[in-house]
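First up is the structure itself, then whatever we jot down about it.
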Amino acid sequence: MVTKTEERELNQLENQVENGGGGVWEYLCLVRKLKVRRSELVLKHGLFILNDSGKRSALGPDEWTLYEQVAIAAMDCQSLAVAQNCIKVLQKKFPESKRVGKLEALLLEAKGMWEEAEKAYSILLEDNPLDQVIHKRKVAMAKAQGKPSLAIEHLNKYLEVFMADHDAWRELAEIYVSLQMYKQAAFCYEELILSNPTLPLYHLAYAEVLYTIGGHENLIAARKYYASTIDLTGGKSTRALFGICLCGSAIAQLSRGRNKEDKDVAAPELQSLAASALEKEYKQKAPAKLSLLSSALRSMKL
Amino acid sequence: MGTGTNGELKYEISQNAYIKLVLHSLRHKTTSVNGVLVGRINPKDESIVEISDSVPLFHSNLSLLPPLEISLLMIEEHYVAQGLSIVGYFHANERLDDVELSGVGKNIADHISRYFPQSPILLLNNKKLEALSKGNDRSPVMQLCVKDASKNWRVVGADGGTKLLLKEPSANVVLSDYISSEKWKDVVDFDDHLDDVTKDWLNPGLFN
């Protein structure tokens, strides 16, 4: 997960690097640190350094980290020959290395040789059964082969052991959402909110899933979590502001014909606050879309 | 206007609408993406659906309702002033060899077809897209799917009467050019807009 500041820094460096302004090593390090997927650029610029023996030796021991980084990027871009070459260099430098062994197995994955990759990972797991990266590769392989239920199975087993791995909970939630298994996705977000109550991302995701499941109680709950998202982001979450309006509208529709006691008291004020915040934002940043926004909001105030 | 079944419809997609959607999928190679088709029935020939524009929607969590509802509201609102409406759905699967229509895609398309019964699903054909640079294929790199009489979505074969046609015959040439120049970097979708409202999902100036 990357913050907006980190993303800005990354994009700045990226522009700089792409326009020949230097900073390649800083960029590659940042990509590694943030664990983002910029494989084409990493491949292009990393290879440029690796192919220049002067630049390469200037890196010192970091040279090997770069080989690893470029190997993975190459695999992501299906430049398997490049990946193979990088791995060969690492094999020579670190024979018997488990870390290099993982790269070899990853290359098998990249080639689509699933059975061989599974075998390679199993062997690696024998020596280190708690290697989180390898367990996650099993999930990735299941996903890549179009077996989401198997991916879910693996992820659930993984989370029984590594229940504090937030990225894994998020991945599981997203797989559930893609399969339209919203209740299960909701459970994952509940776990995330329990362990990270101040991260607005989870509140927002939970609200969106609740709204999607629908029904009076879920809509009320969704609105609460949209509200907490707004609270935690200082009112800056456009999605949450929209969410409040959508909830208000959906609850009103459901409440038609219901008893007066069930009447949604919070709605009007909350909805108009959210609507004004949205209009203010659009007026400032996207004035051309303001009238569209206003008519959309009007059609929600049923 | 139209009766229950589609009969032999021609879906004519304009170059810009077509290219925008393909570029969108290329911008987000590692996830599934979707979009809507915008257009109208040809006023002179009811058997032709003109797809004159498209709006790329999302590249994450495609099956969550709130962003979808907002996007459809704003998109309809915008195009109705031009006498156009949402006339179909585009989907690109996450995996290269996945040619199935996902549940999400069918649900969204079902919803759209309630308002525009002839609404098709256009599914990106990854193999054709891959082959684009190598051949002279002038046919769209998309699979056409329509609803049959029993309301199920089915892929239309090349020999079917109902067809997807590129309005401009050189659309694939232009597309290949844009791919080489990495034009896909400039495509904005609704996800981007919701993250930053200064980003315009209408993509004005994309093809200038």
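Every read-out reported here was derived from the displayed coordinates using simple, explicitly stated rules and does not represent laboratory data. All of these numbers come straight from a predicted model, not from anything done at the bench. All Cβ positions, glycine included, derive from the backbone under ideal geometry; neighbour counts span all protein chains shown.
Anything over 23 Å Cα to Cα? Flag those among A:LYS138/B:LYS183; A:LYS4/A:LYS136; A:LYS111/B:LYS128; A:LYS4/B:LYS20; A:LYS143/B:LYS20, in the order listed.
Numbers: A:LYS138/B:LYS183 35 Å; A:LYS4/A:LYS136 26 Å; A:LYS111/B:LYS128 21 Å; A:LYS4/B:LYS20 27 Å; A:LYS143/B:LYS20 28 Å.
Violating the 23 Å Cα-Cα cut-off are A:LYS138/B:LYS183; A:LYS4/A:LYS136; A:LYS4/B:LYS20; A:LYS143/B:LYS20.
Give a residue-ordered list of calculated ³J(HN,Hα) values for segment A:248-254 (Karplus: 6.51 cos²θ - 1.76 cosθ + 1.60, θ = phi - 60°; whole Hz; x for Gly, Pro).
For segment A:248-254, the Karplus curve yields x, 5, 5, 5, 4, 4, 5 Hz.
Taking H as built 1.01 Å from N, whose amide H comes closer than 5 Å to the amide H of B:PHE90, not counting residues under 5 places away?
B:GLY35, B:VAL36, B:LEU37, B:LEU122
Short version: ³J(HN,Hα) in whole Hz for each residue of segment B:116-129, in order, from phi by Karplus 6.51 cos²θ - 1.76 cosθ + 1.60 (θ = phi - 60°), x for Gly and Pro, what are they?
Going residue by residue, I get 9, x, 7, 4, x, 10, 10, 10, 4, 9, 5, 5, 5, 5 Hz, with x marking Gly and Pro.
Report, ordered by chain and residue number, the aspartates and glutamates lying within cross-link reach of A:LYS88, taken as a straight Cα distance under 13 Å and ignoring same-chain residues fewer than 8 apart.
Reachable aspartates and glutamates: A:GLU68, A:GLU96, A:GLU104.
If each residue of separation counts as 0.36 nm, what is the full-extension length gain between A:SER195 and A:LYS301 once their alpha-carbon separation is subtracted?
Working: separation 106, 0.36 × 106 = 38.16 nm, distance 3.57 nm.
Using 0.36 nm per residue and subtracting the Cα-Cα distance, I get 34.6 nm.
Could you compute Rg(Cα) / (2.2 N^0.38 Å) for segment B:1-139, with N its residue count? Mind showing how you got there, number by number?
Numbers: Rg = 14.9 Å, N = 139, 2.2 N^0.38 = 14.3 Å.
Here the answer is 1.04, to two decimals.
Within 10 Å of each candidate Cβ there may be at most 14 other Cβ atoms; applying that plus a DSSP loop requirement, which trypsin sites (Lys or Arg not before Pro) in segment B:8-94 survive?
Details: sites: B:LYS10, B:LYS20, B:ARG27, B:LYS29, B:ARG40, B:LYS44; in loops: B:LYS29, B:LYS44.
Passing both the DSSP loop test and the Cβ count: B:LYS44.
Please compute, for peptide A:237-245, the average count of beta-carbon atoms on other protein chains lying within 10 Å of each residue's beta-carbon.
Working: counts 2, 6, 7, 1, 0, 6, 3, 0, 2.
Across A:237-245, the average partner-chain Cβ count within 10 Å equals 3.
Based on the mean of other beta carbon atoms within 10 Å per residue, what is the order of B:197-204, B:146-153, A:175-182, most packed first?
On the way: B:197-204: 16.4, B:146-153: 13.2, A:175-182: 20.0.
Peptide ranking by packing, descending: A:175-182, B:197-204, B:146-153.
What lysines does A:LYS301 reach when the alpha-carbon gap must be under 30 Å and sequence neighbours fewer than 8 apart in one chain are set aside?
Cross-link targets: A:LYS183, A:LYS224, A:LYS236, A:LYS260, A:LYS263, A:LYS280, A:LYS283, A:LYS285, A:LYS289, B:LYS106, B:LYS199.
May I ask you to list the lysines whose Cα is less than 18 Å away from that of A:LYS93, ignoring any residue fewer than eight positions away on the same chain?
A:LYS102
What's the magnitude of the charge dipole for segment B:118-208 around its Cα centre, counting Lys and Arg as +1 and Asp and Glu as -1 at the beta-carbon? Answer in Debye, nearest 20.
Details: 12 positive and 14 negative charges, 126 e Å.
Approximately 600 debye in magnitude.
Given axes a ≥ b ≥ c from the Cα gyration tensor, I'd like to know whether segment A:198-302 is rounded (a/c under 1.5), prolate (a/b larger than b/c) or oblate.
oblate
Using a 10 Å cut-off on Cβ atoms, rank the peptides B:155-166, B:61-72 from the highest mean neighbour count down.
Details: B:155-166: 14.3, B:61-72: 21.8.
Highest-to-lowest ranking by the protection proxy: B:61-72, B:155-166.
Just from its helices, what would the mean residue ellipticity at 222 nm be for the protein assembly as shown, if runs of 4 or more DSSP H residues each count -39500 (n - 2.57) and the sum is divided by every residue, rounded to the nearest 500 deg cm²/dmol?
Values: 23 runs with 297 residues, N = 510.
Mean residue ellipticity, 222 nm, calculated: -18500 deg cm²/dmol.
Provide Rg and Dmax in Å for the protein assembly as shown, with only Cα atoms included in the calculation.
Rg, Dmax (Cα atoms, Å): 24.6, 79.
Which whole number gives the average, over all residues in A:177-183, of C-beta atoms from other chains lying within 10 Å of the residue C-beta? Before the final figure, lay out each step's value.
Working: counts 6, 10, 4, 6, 1, 3, 0.
Average neighbour count from other chains, rounded to a whole number: 4.
log10 I(q)/I(0), Debye, Cα-only chain A, no solvent, q = 0.06, 0.11 Å⁻¹?
-0.30, -0.86
If R0 is 25 Å, what FRET efficiency do you get for A:SER57 and A:GLN132 from their C-beta distance, rounded to 0.05?
On the way: r = 33 Å, r/R0 = 1.33.
So, using R0 = 25 Å, E works out to roughly 0.15.
Each residue of segment A:224-231 in turn: what ³J(HN,Hα) in whole Hz from Karplus with 6.51, -1.76, 1.60 and θ = phi - 60°, glycine and Pro shown as x?
Using θ = phi - 60°, the values come out as 4, 6, 5, 5, 5, 4, 4, 4 Hz.
Can you tell me which of B:73-79, A:201-207, A:131-137 comes out highest on packing, and rank the rest after it, using the mean Cβ neighbours within 10 Å? Please report the intermediate quantities before stating the final value.
Values: B:73-79: 19.9, A:201-207: 25.0, A:131-137: 17.1.
Ranking, from highest mean packing down: A:201-207, B:73-79, A:131-137.
If each residue of separation counts as 0.36 nm, what is the full-extension length gain between A:SER122 and A:SER255 once their alpha-carbon separation is subtracted?
On the way: separation 133, 0.36 × 133 = 47.88 nm, distance 5.53 nm.
Extra length available between A:SER122 and A:SER255 comes to 42.3 nm.
Between A:THR3 and B:GLU100, with labels modelled 7 Å along Cα→Cβ, what's the label distance in nm to one decimal, could you check?
Each label point is offset 7 Å from its Cα along the Cβ direction, giving 4.1 nm.
Using a 7 Å offset from the Cα along the Cα-to-Cβ direction at both B:LYS167 and A:GLU217, what is the distance between the two label points in nm, to one decimal?
5.1
Report, as an integer, the average count of C-beta atoms from other chains found within 10 Å of each Cβ along A:279-288. Working shown, then result.
Working: counts 0, 0, 2, 2, 0, 2, 4, 6, 0, 3.
Mean shielding count: 2.
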